[in-house]
């Protein structure tokens, strides 16, 4: 048999069917597909830029975002204040940076929490099946039927809206959708033979879920995660827009947009509205592009050749 | 003049970064009213040849050069509208999978008349009449009523008949059948093949039968072309090819058939390696890397299609077989073939009973409506008993839906029996559960049918193989790694391949991997469910040889489940034949195969095509008629009676019991068994002599 093995290896090499990718990991191969997607690369580039802008930017472009400076209230763009100032005299460019920090942090964290919870809940529900599945899914249905925005608004009025609180408020409503999606994927996966094979070797159900179902649903999950980031940033913006976002002097892009709207009539204070609005849109679109590309990248079939 | 003349056809498929030379210089011809068989393993270009004729190449596919003439008219350069005129009109095509080829939302009548309306200036009413007419032609019972039914209301065999009716609706001159029966059971396969043959004679069509199965075309094709790596490597009249193959590849294909070695039980000849990658075809003869006769010349020069006579040509410098010549248009073999070597059969030592199943029953509930009300049950397994002894192989054979897979799944714990007992090592497996049960799992392992689906695509081979050891908590990390490597070598895979993902293995190699996983826990019994049915014949031989060798080396016990009687016979000591949830016959392999007692067993054996034109032609009107009845309402009495040629009244009222026939060790459940019954006295005597 050992001889046969050598023969197979030899003939394999001779016939040129030896897979060129044998030493590459899954992520590496996924990466190769990802890189070929131009839109996704543009999106990724923008996200990298935004992260640097928000977290490194304040160290280079130093501004005072704590004390108000009413002398500069609503001043236009100048050499000192590149994007002008808002009504309280905060430098608008610097404010975009720290507002972006909140938006990104809340977006990523809320997405992470909701995706992890939703994935486990959905996978367990789908794998268990039967009565357990029915009960778990009716809970999700109930959650999805709540008017989420209204409840989120009520909650953020009740609790003092710090970023951490907002993360959980958003996550509590977002994981329902993830759970339902992952459960659907699990229903298809749990009848796969490699999941059944775990049972044959005497493995526990939890092993099937964590080692086989979740990794194979990873494509769906990651796509959902990127959309979750975009959606969370939007939700935070909506809260901010309704002046229910983080409390001043902290801010986020939605709050900035809302603040600017007060001055939309009359004078042309464009620097109060367009910069935060455009950033929200571009960031969300970029995450969606990345999500689309990741879906392709994790499709094993597309990785060959 | 030939109806279809293909000259030097080259078809290429453009992939992202490479070009696949799928068809590479194929020349063929089909005369009117003739059947041409194209045979070869998967990936050899036979389907691409068929699709090139139809102009239905996949995305990126194109005919690079060559000509295809249909009745003297060149069809390679035709525009799409011109091609549409030919498709479905002058050339009809039948595809492999009748379910995915029919639109589930339209009635079959609609779909057939659509074909007619596309090509004929007829009214809708006339088209419908034509649909009924062709459905009748293909043997659809009550065609006038069934014409308005939807595809899901037909069985697999009937759907394939609908497909044939669609292909025939416009009286084509040429019918291309691409693996028309691969998805069907042998008894249905026989019916469909007979139908195609009969229609060919009646309508005077020419037929191109594309298949991987040498048995399917043995009795039906007039001429056969063997394809390998995009080229025709040998073509001649059917008898000449089967009795005197000249190309080493053709010869190897025959030697790899399990039925050739069924009696002697010797190792099958298996072609080493895998077919070449058609992106970079090898220099010289494309078969040279796998050929046992290859010399340096084969690796540098490409042989041309030639032979002693024009009636039998092959692409080889060193042909096997014997020389031939043509005498008055007839091919004559000038030298007698060498006498076949005989090898004595080996006897395996069979020990104590390892596992014993008693009255196993499995019903799957059928539910209806939102409240999941139980309205009935599918009787998948209905009271099956058998013993498996240490070191032996029990083969279970039957058509799809007979319950053989359910039995395997119950033994490995994937399904719980509704009632009955599985005693294994003094315990009843049907009743145990929990931690103890998970520990016991290691003693019975399962080898899945579809090795690709049973291996997690996200895990490397090493992790897949380590998983059973981790789950059962055997050894340290290092010991586990060592054990995995050792096991890879044992099943004939290089140990360095632990880093590969399942999709980087070929079909046969994946099946080895699946087997290695089953072996890692040192099980006492391995349940193998159709382990070779998805493999090409040469690769199938590799896997069967491996299973045999390891059985001898390690003293393994197998329960081998398959629909293919010749494979089961090759590997098994005992064979159990199942029909609709019942075990209808069980006995030693040779007894069951050579002297069947149950009419169903006899019918199965006769339906299975053998790669021998003479036997195939001789048995034209045997086999089993009709289709498998529903398992929700199985027939009363003997479940086989609805399709049995010798059924009488008693068969409907009284269920036959398993009784010994022929010899004491063979049991069959039939009122009119084909072998003499054994009297109870001699049973006892025989039982004593056995024990």
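Quick notes on this one:
- Which listed residue is touching a helix residue (DSSP H, G or I) at 6+ places or on another chain (Cβ under 7 Å) and not in a helix (DSSP H, G or I), from A:96, A:82: A:82
- Residue list for the stretch B:406-434, restricted to those being more than 26 Å from the chain's Cα centre (by Cα) and closer than 25 Å to residue B:484 by Cα: B:413
Conditions (1) in contact with a helix residue (DSSP H, G or I) (Cβ under 9 Å, 6 or more places away or on another chain); (2) crowded, with 24+ Cβ neighbours inside 10 Å, marked per residue:
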| residue | (1), (2) |
| --- | --- |
| B:158 | yes, no |
| B:163 | no, yes |
| B:179 | yes, no |
| B:183 | yes, no |
| B:195 | yes, no |
| B:200 | no, no |
| B:213 | yes, no |
| B:226 | yes, yes |
| B:241 | yes, yes |
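- From the list B:550, B:544, the lone residue that is over 20 Å from the mean Cα position of the chain (by Cα), within 14 Å of chain A (Cβ to nearest Cβ), at pLDDT 85 or above and within 28 Å of residue B:453 (Cα to Cα) is B:550.
- Of the helices (runs of 4 or more DSSP H) lying entirely inside the stretch B:432-512, those containing at least 1 residues that are facing chain A (nearest Cβ under 9 Å) and crowded, with 23+ Cβ neighbours inside 10 Å span B:461-472, B:477-490.
- In the stretch B:513-526, the residues that are within 9 Å of another protein chain (Cβ to nearest Cβ) and not in a helix (DSSP H, G or I): B:520, B:521
- Checked against (1) away from chain A (no Cβ under 13 Å); (2) in contact (Cβ under 8 Å) with a residue 60 or more places away in the chain; (3) under 15 Å from residue B:44 (Cα atoms), residue B:229 passes all but a single condition, namely (1).
- Residue check for residue A:68: within 28 Å of the chain's Cα centre (by Cα) and either in a loop (DSSP other than H, G, I, E, B) or at pLDDT 80 or above (or both): no
- Residue A:84 being more than 21 Å from residue A:224 (Cα to Cα) and either modelled with pLDDT of 80 or more or buried (at least 18 other Cβ atoms within 10 Å of the Cβ) (or both): yes
- Scope the stretch B:527-541; condition in a helix (DSSP H, G or I) and either within 12 Å of chain A (Cβ to nearest Cβ) or touching a helix residue (DSSP H, G or I) at 6+ places or on another chain (Cβ under 7 Å) (or both); matching residues: B:537, B:538, B:539
- Listing of strands (runs of 3 or more DSSP E) fully contained in the stretch B:1-118 that carry 2 or more residues being under 23 Å from residue B:202 (Cβ atoms), in contact with a helix residue (DSSP H, G or I) (Cβ under 8 Å, 6 or more places away or on another chain) and more than 14 Å from chain A (Cβ to nearest Cβ): B:35-39, B:91-94
- From the options A:240, A:259, A:245, residue that is more than 14 Å from chain B (Cβ to nearest Cβ), assigned to a helix (DSSP H, G or I) and closer than 18 Å to residue A:166 by Cα: A:240
To keep it simple, each residue is scored yes or no on (1) away from chain B (no Cβ under 14 Å); (2) crowded, with 23+ Cβ neighbours inside 10 Å.
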{"position": "A:201", "(1), (2)": "no, yes"}
{"position": "A:223", "(1), (2)": "yes, no"}
{"position": "A:229", "(1), (2)": "yes, yes"}
{"position": "A:252", "(1), (2)": "yes, yes"}
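- Across the stretch B:253-277, the number of residues qualifying as away from chain A (no Cβ under 14 Å), surrounded by 20 or more Cβ atoms within 10 Å (Cβ to Cβ) and under 26 Å from residue B:306 (Cβ atoms) comes to 2.
- Residue selected from the stretch B:336-371 under the condition touching a strand residue (DSSP E or B) at 6+ places or on another chain (Cβ under 9 Å) and part of a loop (DSSP other than H, G, I, E, B), by the criterion modelled with the lowest pLDDT: B:348
- So residue B:318, is it under 21 Å from the mean Cα position of the chain (by Cα), away from every other protein chain (no Cβ under 14 Å) and at pLDDT 85 or above: no
- Residue within the stretch B:278-296 that is away from chain A (no Cβ under 14 Å), touching a helix residue (DSSP H, G or I) at 6+ places or on another chain (Cβ under 9 Å) and free of Cβ contacts under 8 Å to residues at least 24 places away in the same chain present: yes
- Subset of the stretch B:392-419 (residues that are assigned to a loop (DSSP other than H, G, I, E, B) and within 14 Å of another protein chain (Cβ to nearest Cβ)): B:412, B:413, B:414, B:415, B:416
The values are calculated or read from the model by the stated rules, or taken from the named source; none is laboratory data. All values derive from a computational prediction rather than experimental measurement. Positions of Cβ are backbone-derived with ideal geometry, glycine not excepted, and every protein chain shown enters the neighbour counts.
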